[in-house]
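Report on the structure given below.
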């Protein structure tokens, strides 16, 4: 795994090794990340974005977004292996001053004490309905900006949640990525 473009371009990320089967650690492949970020570049959401990476795994999605112009990224994961990999990857990118790691279950986040996030990566373990639950937690907790873009990775296309508008849904092998704007009518 590596950072594909931007400030950290070409930086190799920590190897997942045997990973953590119990935590369903499944990094987004370089090919899927490259395709996803080609789409995100055209939305204009990356420049100076505040990024929330839920079920962050290795942190590759959040770090790629930071590399491509994001302002700050907050990673949320509760896996022992995952949080170690995220911290190592933050260090490899020398981005500690622009990153925060919350070691917590994404379904148990408290109310957000800071500014809401513009770009939310939602990459839960496939097929467990955790994405819908996590989205409700971050919405009710004030984590999602009014005009935020949700990037939801699953093994099936995800239904567009109430209050959101579909940007696009794409299939990459066994991975589906659904992009949804919150309150699309207010985007300007």
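The values are calculated or read from the model by the stated rules, or taken from the named source; none is laboratory data. On a predicted model such as this, the values are computed, not experimentally measured, just so you know. Neighbour counts are summed over all protein chains in view; Cβ atoms, including those assigned to glycine, are modelled from backbone coordinates with ideal geometry.
Observations, loosely collected:
- Some residue of segment 89-106 being at pLDDT 95 or above and farther than 26 Å from residue 15 by Cβ: no
- Matching strands (runs of 3 or more DSSP E) fully within segment 122-188 where at least 2 residues are under 14 Å from the mean Cα position of the chain (by Cα): 144-154, 175-182
- Some residue of segment 79-87 being closer than 20 Å to residue 135 by Cβ, outside any helix (DSSP H, G or I) and modelled with pLDDT under 95: yes
- Count of residues meeting criterion [over 22 Å from residue 36 (Cα atoms), touching a residue at least 12 places away in the same chain (Cβ under 8 Å) and exposed (fewer than 13 other Cβ atoms within 10 Å of the Cβ)] in segment 102-127: 4
- The residues of segment 143-166 that are loosely packed, with under 14 Cβ neighbours inside 10 Å and under 23 Å from residue 110 (Cβ atoms), listed by number, are 146, 163.
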